[in-house]
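The values are calculated or read from the model by the stated rules, or taken from the named source; none is laboratory data. Model, not experiment: these values are computed from the prediction. Virtual Cβ from ideal backbone geometry, glycine too; neighbours counted across all protein chains shown.
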Amino acid sequence: MKALNACNQRGGRMLSLVDLLGDDSLSLPMAGYLAAAMRQGASLLVGANPGGAGKTTVMAALLNFLPDDVALQAVDDRAVLSRANETPPGKVCYVAHEISPATYYYAYIWGRDVRTFLRLAADGHLIAFNLHAGTLSETRAQLCSQNDADPTHLDTVRLKVYLGTAGHRFSMRRWIDRVYEHDGKMDRLLWEERQPGDFVQRAESAHVSPEATTRYTDLLADLRERRVRRIGDVRRALVH
């Protein structure tokens, strides 16, 4: 939990996936799919253009579902990246709090560090990060054009989650607008919000079985029914 709490830069309680369901930020079936995908050990990016959209909140809520034997490591120093390949792939998820030239913030990376970071995913390591981008094309422009990252390395990030916002800062609605999954050849749109509160599945997952999605959908439904919301309590229910 220490690594997840380190993501919290705005104070207050870190929100769980159950909290996000309570806020209507996504649907129960979408949450079940995302939980199952993360439980398999998927690399993840969360994008949105405006600040305060909830990127870090969504990232942490999903990282809470990583496999039990995966440790979290913030990329808070270049040395973390240089030592990463000393660790067996799949045992650590390397977390960049944001892709940004403002590298004086905690675990923000830019330039060659972005290239090294994405190369980790290509080498089989797990990574997770946020960025100010609202579409796949904006993501590729920022990572591959501005930071000169290899596009094939970006392709190894399986989950690409984009957020939507509406309203003003203090009365803003935030939600998961689109979820893409890279199937080994291309990014496919799996989920999107068609209209407020109406989340639809556009395609079947190439990696997560319907049975796995149903299992985690049922788990989240049970936690919601029992009002188990705190991120640590959700993790304990998942592990046990």
Those residues of segment 138-154 that are out of contact with any Ser or Thr (no Cβ under 8 Å at 6 or more places or on another chain), farther than 24 Å from Leu26 by Cα and crowded, with 18+ Cβ neighbours inside 10 Å come to a total of 6
Before we move on, is Tyr216 of a type in the set (Phe, Trp, Tyr), under 29 Å from Trp110 (Cα atoms), crowded, with 19+ Cβ neighbours inside 10 Å and in contact (Cβ under 8 Å) with a residue 40 or more places away in the chain?
no
Subset of segment 206-227 (residues that are over 21 Å from the mean Cα position of the chain (by Cα) and outside any helix (DSSP H, G or I))
Arg226, Arg227
Checking the structure you have, find out if any residue of segment 107-115 is touching a helix residue (DSSP H, G or I) at 6+ places or on another chain (Cβ under 8 Å), touching a residue at least 12 places away in the same chain (Cβ under 8 Å) and not charged (D, E, K, R).
yes
Kindly evaluate Glu193 against the criterion of being at pLDDT 95 or above, assigned to a strand (DSSP E or B) and among the charged types (D, E, K, R).
yes
With the condition kept exactly as written, say whether any residue in segment 223-233 is surrounded by fewer than 21 Cβ atoms within 10 Å (Cβ to Cβ), closer than 26 Å to Gln142 by Cβ and of a type outside the set (Val, Ile, Thr).
no
With respect to Ala61, determine if the residue is in contact (Cβ under 8 Å) with a residue 40 or more places away in the chain, within 13 Å of the chain's Cα centre (by Cα) and within 23 Å of Arg230 (Cβ to Cβ).
yes
From (1) touching a Phe, Trp or Tyr at 6+ places or on another chain (Cβ under 9 Å); (2) surrounded by 20 or more Cβ atoms within 10 Å (Cβ to Cβ), pick out the condition that doesn't hold for Asn130.
(1)
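Residues checked against (1) under 18 Å from Gly32 (Cα atoms); (2) touching a helix residue (DSSP H, G or I) at 6+ places or on another chain (Cβ under 6 Å); (3) of a type outside the set (Lys, Arg):
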position: Asn130; (1), (2), (3): no, yes, yes
position: Cys144; (1), (2), (3): no, yes, yes
position: Asn147; (1), (2), (3): no, yes, yes
position: Leu190; (1), (2), (3): yes, no, yes
position: Arg194; (1), (2), (3): no, no, no
position: Asp198; (1), (2), (3): yes, no, yes
position: Leu219; (1), (2), (3): yes, no, yes
position: Asp233; (1), (2), (3): yes, no, yes
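Please tell me if Thr165 is within 18 Å of the chain's Cα centre (by Cα) and buried (at least 17 other Cβ atoms within 10 Å of the Cβ). Can you show your working first?
On the way: within 18 Å of the chain's Cα centre (by Cα): yes; buried (at least 17 other Cβ atoms within 10 Å of the Cβ): yes.
Judged against the criteria, Thr165 is a match.
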In the list Ala61, Ala35, Ala53, which residue meets the criterion of being at negative phi, modelled with pLDDT under 95 and either in contact with a Lys or Arg (Cβ under 7 Å, 6 or more places away or on another chain) or among the small types (Gly, Ala, Ser) (or both)?
Ala53
